[in-house]
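Asker: Can you read through this structure? Questions will come right after.
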């Protein structure tokens, strides 16, 4: 596609529910990133993939957060047993290759945990 | 502590006026600095990118400056338009380029 596509755009989850957020990067982009953006804040790094390899997951806040990119294209961010502090916008970004400046962001998924 | 600090937190200006947004960073080792525009409900969109050896970069009505010695950057917007209303985020990358540190952004509102 022309850009990075994320789905769903909005997700409301009850506390304790599991959620899965999807990211379709630009076709052929090697690098893929997930960020968490709280209201009024800049994005915070969660995890980074180069193709199917998860090279950095140091930003994942707890073991309830899990990300995968099994075929090196679509990525899924899964949050288990959601809590209210997980409420945020989850942004995905991709770039053509490692270290490339041309990062493109998706519009994000707004997660609200009630 | 956030390694990228932006000011002001919010700014309201009249259409047609100029404004300057500030970014101070402590990120090291530094590779490049970008300014992004983020409309409400959208992902950030890149405006400019500068390496440590560049002092200024323009993109239409947007001009970014960088002083790598003082670790300061500014984004100057000239002849503001209503469509400039958005958050402007300063992003500093470490040497590996895959480690980006985001500021909290400046919320700009342009009024007619």
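Bear in mind these aren't lab numbers, they're just calculated from the coordinates by the rules spelled out. If you're wondering where the values come from, they're calculated on a predicted model, not measured in any experiment. Note: ideal-geometry Cβ built from the backbone for every residue, glycine included; neighbour counts use all protein chains shown.
Asker: Classify segment A:59-114 as rounded, prolate or oblate from the Cα gyration tensor: take a ≥ b ≥ c as the square roots of its eigenvalues, call it rounded if a/c is under 1.5, otherwise prolate when a/b beats b/c and oblate if not.
Answerer: prolate
Asker: Quick one: Cα centre-to-centre distance for segment A:56-114 and segment B:6-32, in angstrom?
Answerer: 26
Asker: Given an 8 Å cut-off on Cα distances and at least 6 residues of separation, report the relative contact order of chain B as a percent. Write out the running numbers ahead of the final one.
Answerer: Values: 287 pairs, mean separation 42.2, N = 112.
Averaging sequence separation for qualifying contacts and normalising by length gives 38 percent for chain B.
Asker: If you don't mind, another one. Please work out the FRET efficiency for the pair residue B:26 and residue B:51, using the Cβ-Cβ distance as r and a Förster radius of 25 Å; give the result to the nearest 0.05.
Answerer: Approximately 0.90, to the nearest 0.05.
Asker: I would also like to ask the following. Once a ≥ b ≥ c are taken as the square roots of the eigenvalues of the Cα gyration tensor of segment B:1-105, is the result rounded (a/c under 1.5), prolate (a/b larger than b/c) or oblate (a/b not larger than b/c)? Let's see the in-between values first.
Answerer: On the way: a/c = 1.83, a/b = 1.56, b/c = 1.17.
Judged from the Cα gyration tensor, segment B:1-105 comes out prolate (a/c at least 1.5, a/b above b/c).
Asker: In percent, what relative contact order does chain A have, based on Cα pairs under 8 Å that are 6 or more apart in sequence? Write down the numbers at each step before the final one.
Answerer: Details: 303 pairs, mean separation 41.9, N = 114.
Computed over chain A, the figure is 37 percent.
Asker: On to the next question. Label points 7 Å out from Cα along the Cβ direction at residue B:13 and residue A:55: separation in nm?
Answerer: 3.7
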